[in-house]
Amino acid sequence: MINFITEEVFEIDKPGAYKRWILEAIENESLELGELSFLFCDDVQLHKLNMEFLNHDTLTDILTFEYNVGNKIHGDICISTERVRENAVHHNVSFFNELARVMIHGVLHLCGYKDVSQNEKTIMRKKEDFYLSKLFSE
């Protein structure tokens, strides 16, 4: 089950399409969907979560909390739509393109991908691009 929760005036256009896309990505990674929640919030809320759970005093666009059990994906993905808007402008892409990139980035973390080393970042970016092409080709 995939849930979209928002703490601001924001809605995903065609949530069913996003849910199918995320499910297909998880299945493509040879995993199963358990419980997955996306929380869309502002910088203040995400910063608070970052401080409370990770002791990081920084702004970020996403926090991913993994609760996987075996082959089943379980997690909470918290996204600052404020950061996403700023990053979209910075990267000269639409808000929804950047939002989808951040969403699939969190899902890929739940699938076991890391982005600490440069090699890991390169692999993560290629995976993001691959799955974005699937969403935006529909």
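Data overview
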{"item": "Cross-chain or 6+ apart pairs with Cβ under 9 Å, segment 113-130 first and farther than 17 Å from SER30 by Cβ, then hydroxyl-bearing (Ser, Thr, Tyr) and surrounded by 12 or more Cβ atoms within 10 Å (Cβ to Cβ)", "result": "GLU120/TYR113; MET124/TYR113"}
{"item": "Odd one out for LYS14 among (1) closer than 19 Å to TYR131 by Cα; (2) at pLDDT 90 or above", "result": "(2)"}
{"item": "Hey, GLY106 closer than 20 Å to PHE38 by Cα, crowded, with 17+ Cβ neighbours inside 10 Å, of a type in the set (Gly, Ala, Ser) and out of contact with any Pro (no Cβ under 6 Å at 6 or more places or on another chain) or not", "result": "yes"}
{"item": "Residue among MET51, MET103 that alone is touching a helix residue (DSSP H, G or I) at 6+ places or on another chain (Cβ under 8 Å) and either polar (S, T, N, Q) or in a helix (DSSP H, G or I) (or both)", "result": "MET103"}
{"item": "Test: residue in segment 4-12 that is part of a helix (DSSP H, G or I), without any contact (Cβ under 8 Å) to a residue 12 or more places away in the chain and surrounded by fewer than 16 Cβ atoms within 10 Å (Cβ to Cβ)", "result": "no"}
{"item": "Residues of segment 63-92 satisfying the condition of being crowded, with 17+ Cβ neighbours inside 10 Å, at pLDDT 95 or above and of a type in the set (Lys, Arg)", "result": "none"}
{"item": "Unmet criterion (only one of (1) surrounded by 17 or more Cβ atoms within 10 Å (Cβ to Cβ); (2) over 13 Å from the mean Cα position of the chain (by Cα)) for ARG20", "result": "(1)"}
{"item": "Qualifying positions in segment 1-30 - farther than 17 Å from VAL102 by Cβ and among the acidic types (Asp, Glu)", "result": "GLU24, GLU27, GLU29"}
{"item": "Neighbours by Cβ (under 7 Å, 6+ apart or cross-chain): first from segment 67-79, closer than 17 Å to LEU99 by Cβ; second at pLDDT below 95 and surrounded by fewer than 17 Cβ atoms within 10 Å (Cβ to Cβ)", "result": "ILE77/THR64"}
{"item": "Any hit, segment 37-53, residues being at pLDDT 90 or above, of a type outside the set (A, V, I, L, M) and surrounded by fewer than 14 Cβ atoms within 10 Å (Cβ to Cβ)", "result": "yes"}
{"item": "Residue tally, condition in a loop (DSSP other than H, G, I, E, B) and basic (Lys, Arg), over segment 106-133", "result": "1"}
{"item": "Within segment 69-83, tally of residues that are assigned to a helix (DSSP H, G or I) and within 24 Å of GLU35 (Cα to Cα)", "result": "1"}
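The values are calculated or read from the model by the stated rules, or taken from the named source; none is laboratory data. Keep in mind the model is a prediction, meaning the values are calculated, not measured. Heads up, the Cβs are rebuilt from the backbone with ideal geometry, glycines too, and the neighbour counts pull from every protein chain shown.
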